[in-house]
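Heads up: the structure comes next, in structure tokens.
The values are calculated or read from the model by the stated rules, or taken from the named source; none is laboratory data. Quick caveat, the model's predicted, so the values are computed rather than measured. Cβ atoms come from the backbone with ideal geometry, glycine included; neighbour counts cover every protein chain shown.
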Amino acid sequence: MIQQPQYTQATPKYNFPPNALEDTTLPQRFLELSLRSIKNIHSAALYQPYETLTEESLNPTEEITPTFQGQTTLKLRTIQLKPSPSPQPVIAIDVSSIKIGETNTGIILALRAATVWKQNGSGYRYLRFGPFPFHITEENKQEIYSLFSQYSRDIPETDSDHIWSMSETRGGPVDFFKSASPPSLMNMQTRMTTLLERWLQTQIAAQTQNSLILLDGSLTAGIGDTPISIMAQLLYTASSRHNTILAITKATRLRLNGHTLTDLINKSKPPCLLQTDGQAASAYQHIHFMGNIYVAKLSPSPYAFRLDIDQKTPTTQAVEAVEHLIANDLVLDGYPETLRLAHIYSTFTANEVIGIQRFLAQTHGIKTIQRPNIRRLLFGPFAKGPTES
């Protein structure tokens, strides 16, 4: 028998505890820019893509594997966890994007975000942003990128000095976007997804308090559109509101002295954390790990995950946060249900992609066609490409 969680439908109002996400300026601007960006594709041809980038391939924070300096022997500490119920809300955030197709002048993307929360033993509630379709061309990508990056770098005036000083002490750029130019069309999907996700994370961190905020990914800064100043802003905003951020990485190659840490924790009785002794570092000078890195095995399952918690959070408080999480949220296969649902509600299904394509066809006269697969035409069954195994 499979245990089924209790779900409740989303409400049209923001009802995060206590009054979260009151500012809806960015979603409204997204909508306006989305509508404006697709006005120039009347009667164009929409070529379906060969491949769709998955969320895992779009998450750059999962690609950097840290090393641990200053150790000659393997030093690990297992922390046993005891579920500790509390009134703290659990809030999870996830963002996904999908490539709808290509036109003669650019690409069409769709983005969607989802937040899921649970409090005081109540059912799960969720809120979706989007989908937002965008037609990105060489002519308008600067405007689109500027809007996304503008909101990602906006910092409340009262906090700006502290955040900039944090980024400077960590060796990062003070304002990443002043000199940043928009990426190529091929990389716009990744950049826009990351920027939307960072904005939503910061908004929730600023408009909630005494909450557990779950992120998909790690607390790695200095890559893509997550400069050190942006990550510092997120962590400072959360801590100033007495929120604790727990960043969970689904797929990790975390190793210490040649050992895979997710295998070593299997020797311990769950729920537990595996704490690493030593400072996490990267082979790249611009990469910084802004969280203490743990391996978490939160249920009696074979699955363990990398868990990042802000370095400025005391170890005792970090452990208590995880104990509150496993008591307040349903944890199946070692993964929090709120974060699993956030992924599900943000991910695009095949039917939704067809619906977006049909909408574009009806409103803008776009004809969807299948682009000839040159590799298959040339090589037949010997073709090797994105769609062939």
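Structure notes:
- Subset tally (residues that are surrounded by fewer than 11 Cβ atoms within 10 Å (Cβ to Cβ) and either of a type in the set (Lys, Arg) or modelled with pLDDT under 90 (or both)) for the stretch 331-349: 0
- Residue within the stretch 354-376 that is part of a strand (DSSP E or B), under 31 Å from the mean Cα position of the chain (by Cα) and surrounded by 14 or more Cβ atoms within 10 Å (Cβ to Cβ) present: yes
- Close contacts from the stretch 187-204, counting a first residue that is in contact (Cβ under 8 Å) with a residue 24 or more places away in the chain and over 11 Å from residue 93 (Cα atoms) and a second that is among the polar types (S, T, N, Q) and outside any helix (DSSP H, G or I), with Cβ to Cβ under 8 Å and a gap of 6+ residues or different chains, come to 189/97; 192/97; 193/96; 193/97; 194/226.
- Residue match in the stretch 185-192 (condition: buried (at least 16 other Cβ atoms within 10 Å of the Cβ) and at pLDDT below 50): no
- From 96, 86, 57, residue being more than 19 Å from residue 296 (Cα to Cα), at pLDDT 65 or above, out of contact with any Cys (no Cβ under 9 Å at 6 or more places or on another chain) and outside any strand (DSSP E or B): 86
Let's see how each residue does on (1) in contact with a strand residue (DSSP E or B) (Cβ under 6 Å, 6 or more places away or on another chain); (2) closer than 16 Å to residue 292 by Cβ; (3) buried (at least 23 other Cβ atoms within 10 Å of the Cβ):
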{"residue": "209", "(1), (2), (3)": "no, no, no"}
{"residue": "233", "(1), (2), (3)": "no, no, yes"}
{"residue": "241", "(1), (2), (3)": "no, no, no"}
{"residue": "245", "(1), (2), (3)": "yes, yes, yes"}
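- The residues of the stretch 100-126 that are in contact with a Lys or Arg (Cβ under 9 Å, 6 or more places away or on another chain) and closer than 15 Å to residue 199 by Cβ, listed by number, are 112, 113, 114, 115.
- Contact annotation: no residue pair with Cβ atoms under 9 Å, 6 or more positions apart or on different chains, pairs a residue in the stretch 113-127 that is on the phi > 0 side of the Ramachandran plot with a partner that is assigned to a strand (DSSP E or B).
- Residues of the stretch 220-257 that are of a type in the set (A, V, I, L, M, F, W, C) and more than 16 Å from residue 94 (Cβ to Cβ): 221, 223, 228, 230, 231, 232, 235, 238, 254, 256.
- Any chance residue 104 is more than 15 Å from residue 40 (Cβ to Cβ), at pLDDT below 90, outside any strand (DSSP E or B) and more than 22 Å from the chain's Cα centre (by Cα): no
- So residue 300, is it surrounded by fewer than 14 Cβ atoms within 10 Å (Cβ to Cβ) and in contact with a Pro (Cβ under 6 Å, 6 or more places away or on another chain): yes
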